[in-house]
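What follows is a single structure, written as structure tokens, with notes after it.
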Amino acid sequence: MTTLLDRYWDEYGIKKKSCGREHSVLEGIREELGGLFVREVDGRAVDRWYQGLTSKRGLSEGTAVRHFNVMHHMMEKAASIWSKETGIDRNPADLVEVKRPDDQRDRYLSAEEITSLKATLDGKMYRKEHHAINQTFCRLRMLVLIALTTGMRVAEIFALKWSDVLHREELIAVRSKLKGGKMRYVPMPPELAREIQRFPVVMGEDRIFPPKPGASGKRQRVEGSFETVLILAGIHDFRFHDLRHTFASWYMMNGGDLYELARILGHANIKMTERYAKLSRGHIARTGNTAREIWKLMEPEAGDRKEQAGPDVPVLFLTPSDVISGCQ
């Protein structure tokens, strides 16, 4: 199994976009099954390993399924193109019953929650003692605003370059090679365009959200401060990915077209988008631009705006060391 793991990593794992996560999964398999011959890893052995991901390691069902998918792909190669070396001709992972969690979450933010989330993010933008920008929450705030008003996936947002923001066309080009690898465009409301223009620029970086210096692996994650913001905003049972659901839900509730939504979200199959079909235009009487409606909810009343307004966010030219020190 150790030889198989090394070969799979060299020929497949290291080439994947999520190679950092892939390496972690393979090391977990090595720790438990690395001392066995491949022919000894039958369906029962794979099942014990899979069950232990949740019972012993405490992983969520969704994460356990992702680990299992790596195992299944590796053992499929072991039973096909590498069968002469491994001595097996059937994938033992096919014998395992996988509990795939229902990812069809209906959780999205209400109007009150959107308002509370935006107000909380605004309040965390500056350090109280001297009104300096809090780099961690400044970054998080921008990530949330983009996800909430475009429906982009978090990996797609992290991959954004300054050249992808098309101000004249009021569009954002999504070039991240995910879900089929096709480039698409998402609408960019004027309010979001202004926020992006004011967002700090890291000197020498073409990406809007470059990895922090010293970060291990290629995969970027949303800072744990998102949980802090949710607690302060009084929002429960919510994940960052649910911001994407929020955009899609509000799009349909404001009279949006299902097929147009599929193109905006980058769904390869319309069936993935049909989950939002029940949120028809009858849910909300008025129709209008989804992102503009969300921005209205996030903006304070005119009378309160002056009191809540902080200093303008300047365009800063930061070195990577400035960014990491600010986040710390």
Quiz item: In the range 107-165, what residues are among the polar types (S, T, N, Q) and within 21 Å of His241 (Cα to Cα)?
Solution: Ser110, Thr115, Ser116, Thr120, Thr136, Thr149, Thr150
Quiz item: Which of the residues spanning the range 58-74 are surrounded by 13 or more Cβ atoms within 10 Å (Cβ to Cβ) and outside any helix (DSSP H, G or I)?
Solution: Leu59
Practice problem: Determine which single condition Gly35 fails, assuming it passes every other condition in (1) assigned to a helix (DSSP H, G or I); (2) farther than 16 Å from Ser83 by Cα. | Solution: (1)
Quiz item: Do any helices (runs of 4 or more DSSP H) entirely within the range 211-328 hold 2 or more residues that are under 24 Å from the mean Cα position of the chain (by Cα), closer than 21 Å to Leu145 by Cα and at pLDDT 75 or above, and if so, which?
Solution: 225-233, 242-253, 258-265, 290-298
Quiz prompt | Residues satisfying the stated conditions in the range 119-148, i.e. in contact (Cβ under 8 Å) with a residue 24 or more places away in the chain, within 18 Å of Leu192 (Cα to Cα) and touching an Asp or Glu at 6+ places or on another chain (Cβ under 8 Å) | solution = Arg139, Leu140, Met142, Leu145
Quiz item: Taking the range 195-210 only, how many residues are more than 20 Å from the chain's Cα centre (by Cα), of a type in the set (Val, Ile, Thr) and modelled with pLDDT of 85 or more?
Solution: 1
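The values are calculated or read from the model by the stated rules, or taken from the named source; none is laboratory data. This one's a predicted model, so the numbers in the text were calculated from it and none came from an experiment. Every residue, glycine among them, receives a Cβ derived from its backbone with ideal geometry; neighbour counts consider all protein chains shown.
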